[in-house]
Amino acid sequence: MTAAELVVDGLGMKFEGLTALAEITLRVPPGEIHGLIGPNGAGKTTLFNCLTGFYRPTSGAIYLTGQRIDGLPPHVITGLGIARTFQNIRLFANMTVLENVLVGQHQHIAVGGTDILSTRRPVYPTPVERILILRGFPRAAVNGIIEIAGAIARPPRVRTAEAAAVARARDLLAAVGLRGRENDLARNLPYGDQRRLEIARALATRPSLLLLDEPTAGMNPQEAAAMVALIRRIRDEFETTIILIEHQMRVVMGVCENITVLDYGRKIAEGPPAAIQRNPTVIEAYLGTRAIQGGGHAAP
Amino acid sequence: MNGRQGRSRLAWLLLAASFAMVLAAACGGDDDDDTGGGDVTYGKAGFKTIEIASGQPIKIGYSGPLSGDLKGIGEPILKAVELAAKGKTIKGHTIQVIGKDDLCSADGGASAATQLLQEGVVAVVGPVCSGAVVAAQPQYEQAGITHVSPSSTAHKPTYPDRGQVFQTFLRTTYSDDIQGPAQAKFARETLGAKTAYVVYDTDAYGTGLRDAFTRAFEKEGGKILGSEGYEKKQTDFKAIVTNIKNAKPDLVYFSGFYSEATPFIKQLRAELKDVKFLAGDGVKNDEFIKGAGADAEGAYLSLPSPVYTGEAYKTFGDLFEKETGIKRDASPFVAEAYDAASIIIRAIEKVATEKDGKLVIDLKKLNEEIRKTELDGASGKIKFDARGENAGGETPVSLFQVKNGAFEQLKQ
Amino acid sequence: MPDRSAPPPPWTRTLARFRWPLFVAFTCLLPFLLTDVWVQMLVFVALFIVLGLGLNVVVGFAGLLDLGYVAFFAAGAYTMGLLTSPGSPIDAGLDFWLILPIGILIASIVGLLLGLPVLPLRGDYLAIVTLGFGEIIRLFLINRDDLTRGSQGLSAIPRPDLFGYRIDSFTEWFYFVVAAAVVVGFCTSRLRDSRIGRAWEAIREDEDVAAAMGVNTTKYKLLAFASGAAIGGLGGVIYAAFIGFISPAAFSLQVSIDVLAIVIIGGMGSTPGVILGSLILIGVPRILQFRETSDFLANLGWLRDALNGLISALDAATPGSLGRLPPAETWGAQLADDTRFIIFGALLVIIMVVRPSGLWPSSRRRLEFAHDDTPPPAPVTAP
Amino acid sequence: MPVALTLSVSFWSDQFVNGLTTGSLYALIALGYTMVYGVLKMINFAHGEVFMLGSFAGYGALVAMGGNDLSGPAVALAILGAIIVAMSASVSASVVIERLAYRPLRGAPRLAPLISAIGVSIFLQYLVLEQTSARAKFYPDIFPRGALGAGPFEITYIQLFLIASSVAMMALLYAIIQRTRLGRAIRAVAENPTNASLMGVDVNRTIVFVFILGAAMAGVAGVLYGLFFQTIRGSMGFIPGIKAFTAAVLGGIGSIPGAMAGGYVLGLAETVGRELLNELPGVNLGNQWRDVIAFTLLVTILIFRPTGIFAQRSTTRA
């Protein structure tokens, strides 16, 4: 894995007439920890959803290390190297900790055929393309059969791949401090551990760009500090670029090398923490200076 | 989630395809079943000998619906069978009727057959429904148990797909192949109908009779203006009635049961007072008159039985009403069931022999004896042909018209 | 919750390890202990175990609520019927063993056809669409009678030969269907414990997140439909060969409901649950009609007397007068009719109320290596 | 065998009225499904049987009041009485079902209540079949016959009555939901039961009320069905139940206007829609294809609007 460069060019997103994002242009160099801040409803999570393929942007383009990715389906984008966590933790609650991480490794466990349906093709085909998709269908079916046969027969290749995946999953869990909890159900973990598990699961996809949506939300200062350390370590050890949405200004200012500020779906400022803290537009957007300078929760 | 609408695009094509399928479904034509007579060859039946210890009853089976909607048909038939067996003794052995619910289904028919075989029955009245008959025939044939259906009118039991005719199957009622053409002849000649609109139950009975009637009616020079089916329990026939109103046929032919005929004729009469209405044995039932009231007046109905006027019918009818409290006309096929049971019992009487205090019944002889039957029974004259078809009636189909709230028989 | 207690004694582990072989061995003894009537009932039970295992893939593993499972069962059965019944317009007289893969293939294609348009649907929307799909298939079978012989059905479907030996008696069929169930059970459990199974489970838990983890949800939902359908098709082919006669009446919504109830009553996602569910849903209504049941009930004269005593006491205490229970000898006969289904309906409600997760819910499976080196839970320390 | 349609205006108007009639019944029953789904997220499979019980209760009431001998203004009173009796019967049945079969399953796995509901449905259906020996009952033929007409347009009195009273009932229900405290409570619980209970709404009581309102609609539908089709039987609830559920999904399950719209769309699709398809060359879809059309329509609509005609679109997620 090498850290990726993200370029967002003139991105716009509209929901039935409502503008959620407008003309967002952004460049995050490889290996940077980049902060994304702004008041509630500024469009931060919407931007994440566009980056990960959950939403199809209505205008603009997104490039990951030079490759255009907007319009690709989420699982393809994941395969290309973007992983994320969620603001309101979304683990597979009834699966074990280990299984959660194994799902994250989904694309890296060999089973037989290749993932034909995940061919890097936009999901919004023209009528002609619709027919072409159908033409790819038999190949996908054959791959499906191979995969099923592999799962049932469990040849040595599959066993090895599974064992390797389990070993890696254990390493990842150890890295985020969840050693020994492998067989707990995810829903039985304490809150802070659930955040860590989300990060381990995201790392399991082998990302070159990691999107963290409020990783310290609901944490006390000690826990938050530990999370900051973890984020730094991830960037160094796993060689990823990281973008994080964060409301705790102490965290943002402490860990980010550069910060983008969104308000009402527009980029209002960009720069290193110190510059952002002094930026009058930003201060105005946050309804006064207290939030920015005082740390803590900035959102109203 | 508009981000992933895209994947439903694939579905577009499939949708179009499914539409095409539905449309294609509409354009198919019927191709005719072959109703060849020809040579009759039997399969191999596994006749055995049954011994009954002294003091033990002789067991006769019944297989038919005893639960759900069709219980209303099955229960009276079972009672008629029990009536035929009541008080009879053969060489000191009483006769016990064992009734099994087969739900009128294929699975049920097969399960009931296994249970009856295990009980050690010597013969069976039933199965009542054609679907159960076809599923159970091989089992009975293999065990050599003669089964006489009082009510299965479908083509298939006597013209099996396998080609070889089942030696152990007989019926005391008449096949659709007889009723349908008789109805068509009546419609063309007596009623003078040139055009007809067919409304049918989509089940085995409804479609079987529909095919027999349609073929014969067209052969007689009539024209079918439309043919529409319904699923059992449908009560809303307004759309069909509107189509009938629009097609203006001389005759509405209804191939189904009274339970749907009742709401149908009410909705039909609400719009069309005069169109002639003809239906088969499934409708000729007191419930029809009771339910449809004045709207039933003038309806023509046929029954694949000779006229129920014989002395035997009167005797049976009186007995049946007295013993069961069910009116003799209230339920179809009870006389046929009584006859079927009587035929079996008479044959047992003839072939049963005693040996070491045991009653011995040779199933092959029993089968032959039953096949030889000539009976002037409650449901009319009964005699079986090589296929097991009842060939006894001279006029096997009788016709009725509802007049003043009663079925009045028509002279032919 | 994780199992942190002391390891169980070795003999229970051995037993646990061989529980399935032991169970199958016991099952194989059954025909020696039971009469034909019971064995025939068990053939149906085993057949519905196969169907239940198939639906379990769709509903239990992938969480896709399918109320039209009968469509796949019908696809398999009609493949067999149309290609072998002398009454069929396209009778090819093919061998059972040739038709088996064809039937499975056709059923899977039907599964994909259903899967594609319903992919974007979730939860109960899926339920009604699949229900409709099952009905469409049945109506198609009824109304395109030029192709399918409609309600008249297809009969004289031949029975299969195995190494030149015809599978004919109920006992032979029992072994045959149990063998099929074992194979299917093995396959589904292997699937569950694979990458595919995890992907299904992830989709069931949270479809969006599964996609974000790189799972191609479209592909895996289709795979779930197709595998479930394939198993349904297998069941259909076997059913047609067993019963010898098929008509659309045997493929009503009732079958879909029965199979779904088997899966839920047993406990979603659980293989022993499917077995138990099938015994209850398919076995009980039949057993209630058996002679043995009547005989058993006939011995309950004492119960009747006791209950009647209670009723008399009630009568004495209240102004009204209640009837008396009929003699116990007639109780069996009463079960011949609707009473059987009244009891059955009440039973479903009672089971669900008493055990909402099913009779035998799937225990949290552990990965094979779970016991190897799991240290005691480490205190969670900040990195 | 293509039917030669002359396609008169009166033909289409007749089919349209037929569609509205059927659609009214679907809509009335669908309301019960959709409201229960709205608050409990469960498919109340026994709702068709609640409708059946209402129909039988109404029948009993009509017969007790004189049956076929009723005439003149007494008929109107008797029908009103029958509707009230049917509503009470349906409501009591529904409340008992909720208490015994559904409430213990609150919070259970999602599909447990579904199977419980199927159990209730089987139980009630066979109980009534047993009690009636599976025979049909015939509603007294007391409703005045005849039709209102203007030129090619014609509607029978009974159809007019059926459509008008359904619409009136639905309007009443809508008013209850939109205008009353109870309605607000129902909407709050449907939105989020936890929040609703935090706001002081008695969730259990509200859920019971939802069952009561749904069952009352089903009871009315039962009497209207009986008066119109005149034949009722123990197994009558199943098909209208499935159709009404389809209608509820079509409209967007959980949405009250959706259920009404879904009912009418379905009713019209089965009649007018089918005949329109028959206008295409080479197409001849008889009545036997009506369910195929109904379900194909359902799939089509759900492909374009995966959550039904009236469901709100959620624009944000994750």
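Points to keep in mind about this one:
- Under the simplified labelling scheme, the B:Lys88-C:Asp295 pair shows an inter-label distance of 2.7 nm, with each label point 7 Å from Cα along Cα→Cβ.
- Rel. contact order, % - alpha carbon contacts under 8 angstrom, at least six apart, chain B: 17
- Extension gain from D:Thr194 to D:Leu160, taking 0.36 nm per residue of separation minus the Cα-Cα distance: 7.9 nm
- Kirkwood radius and radius of gyration were both taken over the C-alpha atoms of chain A, and their ratio Rg/Rh is 0.99.
- Charge dipole of the protein assembly as shown (Cα centre as origin; +1 on each Lys and Arg Cβ, -1 on each Asp and Glu Cβ, all else neutral): 3140 debye, rounded to the nearest 20.
- Orientation-averaged projected area, Cα convex hull of the protein assembly as shown (nm²): 57.1
- Magnitude of the charge dipole for region D:1-120, about its Cα centre and with charges confined to Cβ atoms of Lys, Arg (+1) and Asp, Glu (-1), is about 600 debye.
- Ordered from longest to shortest, the equivalent ellipsoid semi-axes for chain D are 31, 26, 18 Å, each the square root of 5 times a Cα gyration tensor eigenvalue.
- Paramagnetic label reach from D:Arg110 (point 7 Å along Cα→Cβ; backbone nitrogen cut-off under 15 Å): within region A:76-101, residues A:92-95.
- At least 15 Å along the helix axis (C-alpha) and Kyte average at least 1.0, DSSP helices within chain B: B:8-27
- Alpha-carbon centroids, region B:236-295 and region B:128-206: separation in whole Å: 23
- Tail beyond 17 Å, pair distance distribution of region C:145-187 (Cα, percent): 54
- GNM flexibility winner over chain B from B:Leu359, B:Leu278, B:Leu78 (Cα, springs under 10 Å): B:Leu359
- Sorted by Cβ density within 10 Å, fewest first, the residues A:His108, B:His155: A:His108, B:His155
- Across region D:124-129, coupling constants 3J(HN,Hα) worked out from phi with the 6.51/-1.76/1.60 Karplus curve, θ = phi - 60°, read 5, 4, 6, 4, 5, 4 Hz, and Gly and Pro carry x.
- Alpha-carbon centroid distance for the pair region A:1-78 / region B:347-367, whole angstrom: 91
- Chain A: angle of helix A:221-238 to the longest principal axis, Cα-based, in degrees nearest 10: 50
- 0 to 90° range, to nearest 10: angle between helix A:191-204 axis and chain A longest Cα axis: 60
- When the listed pairs B:Lys86/B:Lys381; B:Lys238/B:Lys273; B:Lys185/B:Lys381; B:Lys411/D:Lys137; A:Lys14/D:Lys41 are checked against a 24 Å cut-off, the alpha-carbon distance exceeds it for B:Lys411/D:Lys137; A:Lys14/D:Lys41.
- Angstrom value of the Kirkwood radius, inverse mean 1/r, which spans all Cα pairs in region D:17-137: 15.9
- Region D:130-209: relative contact order in percent, alpha carbon pairs under 8 Å with at least 6 residues between: 13
- In this structure, the residue pairs whose Cα-Cα separation is over 20 Å, taken from B:Lys233/B:Lys284; B:Lys48/B:Lys355; B:Lys233/D:Lys243; B:Lys79/B:Lys372; B:Lys233/B:Lys327; B:Lys71/B:Lys327, are B:Lys79/B:Lys372; B:Lys233/B:Lys327.
- Sequence-separation-based contact order of region B:177-303, relative, with Cα cut under 8 Å and 6+ spacing, percent: 25
- Positive-pole candidate from C:Trp173, D:Ile301, D:Met217, dipole of the protein assembly as shown, charges at beta carbon: D:Ile301
- Residue mean of other protein chain beta carbons inside 10 Å, C:195-204: 6
- Prolate/oblate/rounded label for region B:177-303 (Cα gyration tensor, a/c 1.5): rounded
- Ordering A:Gly265, B:Ala378, B:Val97 by Cα displacement along the dipole of the protein assembly as shown toward the positive end leaves A:Gly265 in first place; charges were set at the Cβ atoms of Lys, Arg (+1) and Asp, Glu (-1).
- Cα-based shape type of chain C, given that a ≥ b ≥ c are square roots of the gyration tensor eigenvalues and the cut on a/c is 1.5: oblate
- Backbone geometry of region C:36-52 corresponds, through the Karplus equation with coefficients 6.51, -1.76 and 1.60 at θ = phi - 60°, to 3J(HN,Hα) couplings of 3, 4, 6, 5, 4, 4, 5, 4, 5, 4, 5, 4, 6, 5, 4, 4, x Hz, x marking Gly and Pro.
- Couplings for region B:145-152, taken from phi via the Karplus curve 6.51 cos²θ - 1.76 cosθ + 1.60 with θ = phi - 60°, read 9, 6, 10, 10, 8, x, 8, 7 Hz in order; Gly and Pro are left as x.
Values quoted throughout were computed directly from the atomic coordinates according to the rules given, and no laboratory measurement underlies them. It should be emphasised that the depicted structure is a prediction, and the values quoted were computed from it without experimental measurement. Cβ sites come from the backbone with ideal geometry, for glycine too, and all protein chains shown count toward neighbours.
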